[in-house]
Amino acid sequence: MALRLPKHAWRTITWREGTNNVLRSRFARVQVHTAPIRRAAERPQETLLIEWPEGEDAPTKYWLSTVDKNISFRALVDLAKMRWRVERDYQELKQEVGLGHYEGRSWPGFHHHGTLCIAVYGFLVSERETIPPSGPGCAIKFEMPALPRGYRPRGAAAAAATSRPQLDRDPPSQSGLRNRPGSAAAMSCMCAQFPAEFAQKFVTQ
């Protein structure tokens with residue numbers, strides 16, 4: 001099928017800078033139905049991307065994709081050529097943050113270990129984006145939530161002691177309450193109702 005495509009179906013596309021030169025090649029894309037399967041014509045079409053470099057006698061690589069058929073040609077090639085980045089990320093995940101150090105036997109344990117490794121690697125990548133030549137403009141900015149009134153960072157000096165009768169471990173007893181029918185005795189309380197400003201905000205360290 002690739003050999004029967006007309007000449008105008010092929011486009012030369014550059015996808016990134018290489019170590020010595022820009023990386024470019026000829027590509028064509030065709031909408032196809034996967035086969036052989038029953039009633040293949042009723043299935044959604046998929047995009048077949050074909051690479052045929054200059055000087056080669058035949059196409060060298062094929063990619064079958066389910067992405068939106070309206071995706072730009074350049075974006076489709078960029079996705080197809082991301083394999084080098086995935087392999088690099090996987091190698092760094094194993095070597096730098098310990099993805100390959102898991103020695104357990106359970107899926108939940110491996111899932112937990114992998115999640116932590118990916119979170120750490122994501123942090124490292126975001127930090128790299130702040131270092132030239134990437135520059136600070138490439139870093140992803142996140143809006144920080146406002147701290148609630150009265151928030152005190154962990155380890156900060158204690159505020160001046162104030163009387164908090166509702167948190168008193170040993171409040172003064174009220175004589176006679178235990179002997180009154182239908183009344184409950186006062187008890188020490190270690191928690192208090194949250195102020196209104198804390199109802200919609202939550203910050204943890």
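The values are calculated or read from the model by the stated rules, or taken from the named source; none is laboratory data. Keep in mind that what you see is a predicted model, and the values were worked out from it rather than measured. Note that each Cβ is placed from the backbone with ideal geometry, even for glycine, and that neighbours are counted across all protein chains shown.
Suppose we filter segment 52-92 for residues that are charged (D, E, K, R) and loosely packed, with under 12 Cβ neighbours inside 10 Å; how many remain?
8
Could you grab me the full set of residues in segment 100-125 that are in contact with a Phe, Trp or Tyr (Cβ under 8 Å, 6 or more places away or on another chain) and either at pLDDT 95 or above or assigned to a helix (DSSP H, G or I) (or both)?
G109, F110, H113, G114
May I ask you to list the residues in segment 88-99 that are part of a helix (DSSP H, G or I) and free of Cβ contacts under 8 Å to residues at least 24 places away in the same chain?
R88, Y90, Q91, K94, Q95, L99
Which of the residues spanning segment 11-44 are at pLDDT 85 or above and surrounded by fewer than 15 Cβ atoms within 10 Å (Cβ to Cβ)?
Correct list: R11, T12, T14, V30, Q31, V32.
Give segment 101-121 a look and list any residue that's surrounded by fewer than 13 Cβ atoms within 10 Å (Cβ to Cβ) and not hydrophobic (A, V, I, L, M, F, W, C), or say none.
H101, E103, G104, R105, S106, P108, G109, H111, T115
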